[in-house]
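Written below as structure tokens is the structure these notes are about.
The values are calculated or read from the model by the stated rules, or taken from the named source; none is laboratory data. In this text the structure is predicted, and so the values were computed from the model without any measurement. Heads up, the Cβs are rebuilt from the backbone with ideal geometry, glycines too, and the neighbour counts pull from every protein chain shown. Note: areas computed on protein heavy atoms with side chains; ligands, DNA, RNA excluded. Shrake-Rupley method; radii C 1.70, N 1.55, O 1.52, S 1.80 Å.
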Amino acid sequence: MSETQEKPALMTRPIPAPVVNVESQPFWDAAREGRFLIKRCVPCGKAHWYPRAICPFCMSGETVWEESPGEGVIYSYSVMHRSPTGPYAIGYVTLDEGPAVLTNFVGVAPDGLTIGQRVNVRFQDTEGGPPVPVFAPA
Amino acid sequence: MSIKGKAYIMGAYEHPLRDAPDKSTPQLHAECARGALEDAGLTKDDVDGFFCAGDAPGFGALSMIDYMGLKNVRHMDSTETGGSSYIVHVGHAAQAIAAGKCQVALITLAGRPRQQKGGGGRGGGGGEPAPEAGFENIYGGSTHNTYGMCAMRHMYEYGTTSEQLAWIKVAASHHAQWNEHAFLKNVVTVEEVVNSRMISDPLHLLDCCVVTDGGGALIVTSPEVARSLNRPKVKVMGAGEAPKGPRGGLDLDLTHSGAVWSGPRAFAEAGVTPADMKYASIYDSFTITVLMQLEDLGFCEKGQGGRFVADGNLISGVGKLPFNTDGGGLCNNHPTNRGGITKVIEAVRQLRGEAHPKVQVPNCDLAIAHGTGGSLGTRHGSATVILEREA
Ligand SMILES: [Zn+2]
């Protein structure tokens, strides 16, 4: 018996242009160059997500952009089946630097995700805006 | 200053409609307000405090006070914490009454999500997008998949199963069969829940609440006003509120809700414990919402919620903790996608002995109403009130 297994389709999802403001502009400029930035606070040393000008831990205004390899593990996820563009996965990635990032998982089948799985960042084009970070199994 | 015993819920009204194509949203607010005032035996001219949240149209409190012709308002509050707003408002109304800022507080909720494509939803706010919008709103997050992430993580950490979650819907459906207004009146089984269509895993269609039009209103009064009215007195014993969020991404924990803070605050103020509760109204946007809140409020140990809800433990007359005896958001009513006010309304019915006889808890003298509003997975407000029947 040699039945050809039909491979489940890999998930993709059209992503709208993100809201960009003066505070987040450097992140999106870097994204256009394929670089993934996170914010770190100078006085308290902690990295945070989403990026802010004011540190959410100590309220210092001295926060700096830092390039991250964009690697981490899946904290949790859910595959949305009620979608006109096909199933898509939303989830949180705990970056190696510490903060958890909300994202979509791409390039993987709907049943191909597990909590604790290692993933890394890539950038996906959006409808008329800068590319946005998404994650795929490493 | 404690609010314990400083205020009473003397009026409660749940709009009977679940589909309201022929009514406007302000009309629904006003019909709920009128119903709650009639229930209390008061008139609109007695109202001197008005409370509403993001579902109120236009300028919120300002638009609704003018629409309803409330001319004696001297205290306003439109705190917006999603579906938990109205439970927050009970606590805030008690504070305002205790401080002498008003004597008769009116709280309203209403909306028509079934008439609006895409649902009503959060409302309120306006102006600039949320600060996190650029980094989060692009990923197709909805209540279904963010709550799905919570359920997925809870299952991973504690071994919670879909069958255990299903028991919550089963219990709600057992109660809803007696409620003539309930949106879903059919009793369902665990098998029917876990075999229903997958929406966003691990949440199935029957793990989700209903989407309904309609609304509700409450009247909270001072002790003096309460004594003057010919109604059973439901005393506000304690209230707690809390926000929860990812906190810079370093403190993300999808297995706990803000109930871990709002619950103990309310219990401490009331001077009672979860074990004292005869009845529990627990916000039920999804089955996982109920399970996490029961754990976080201390009805069982963290991670034991699945075992706690199984085998009918939430069914009135069958289990240890009767919950949502009107059928709750899962089966009865979840007006304007944020039905927190219905949690308080059914608690009031139970404490007055006015719940349906098939689900009325005997000698129900102490109850909890609790809600989570916003998004359980990301940012939410949590609110708890403890209510007591005064003999
Ligand atoms: Zn800092």
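Of note:
- Considering only residues in region B:185-209 that are buried (at least 22 other Cβ atoms within 10 Å of the Cβ) and among the hydrophobic types (A, V, I, L, M, F, W, C), the one that is nearest to the other protein chains (Cβ to nearest Cβ) turns out to be B:Ile199.
- Selection from region A:40-55 of residues that are over 24 Å from B:Asp253 (Cβ atoms) and either over 22 Å from the mean Cα position of the chain (by Cα) or open to solvent by 50 Å² or more (accessible area, probe 1.4 Å) (or both): A:Val42, A:Pro43
- 2 or more residues open to solvent by 30 Å² or more (accessible area, probe 1.4 Å): qualifying strands (runs of 3 or more DSSP E) within region B:1-84: B:75-77
- Residue match in region B:219-227 (condition: out of contact with any Leu (no Cβ under 8 Å at 6 or more places or on another chain), surrounded by fewer than 21 Cβ atoms within 10 Å (Cβ to Cβ) and in the same structural domain as B:Cys150 (by TED's automatic domain parsing)): no
One line per residue, one yes/no per condition, for (1) open to solvent by 20 Å² or more (accessible area, probe 1.4 Å); (2) more than 16 Å from the ligand (Cβ to nearest atom):
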| position | (1), (2) |
| --- | --- |
| A:Pro16 | yes, yes |
| A:Ile74 | no, yes |
| A:Tyr88 | yes, yes |
| A:Gly98 | yes, no |
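- Region A:56-72, subset under 20 Å from the mean Cα position of the chain (by Cα) and over 14 Å from A:Phe135 (Cα atoms), residue farthest from the ligand (Cβ to nearest atom): A:Glu67
- Members of region A:115-138 found to be in contact with a helix residue (DSSP H, G or I) (Cβ under 9 Å, 6 or more places away or on another chain) and β-branched (Val, Ile, Thr), listed by number: A:Ile115, A:Thr126, A:Val132, A:Val134
- Within region B:337-367, the set of residues being within 13 Å of B:Glu14 (Cα to Cα) and open to solvent by less than 20 Å² (accessible area, probe 1.4 Å) comprises B:Gly339, B:Gly340, B:Ile341, B:Thr342, B:Lys343, B:Val344, B:Ile345, B:Glu346, B:Ala347, B:Val348, B:Ala355.
- Of everything in region B:128-157 that is within 7 Å of chain A (Cβ to nearest Cβ) and among the acidic types (Asp, Glu), the residue that is surrounded by the most Cβ atoms within 10 Å (Cβ to Cβ) is B:Glu136.
- Looking across region A:38-49 at every residue that is facing chain B (nearest Cβ under 10 Å) and part of a loop (DSSP other than H, G, I, E, B), the one that is nearest to the ligand (Cβ to nearest atom) is identified as A:Lys46.
- If you go through region B:230-251 and keep only what is assigned to a loop (DSSP other than H, G, I, E, B) and open to solvent by 30 Å² or more (accessible area, probe 1.4 Å), you end up with B:Asn230, B:Arg231, B:Pro232, B:Leu250, B:Asp251.
- Strands (runs of 3 or more DSSP E) fully within region A:50-124 that include at least 2 residues being over 19 Å from B:Glu136 (Cα atoms) and more than 10 Å from chain B (Cβ to nearest Cβ): A:63-68.
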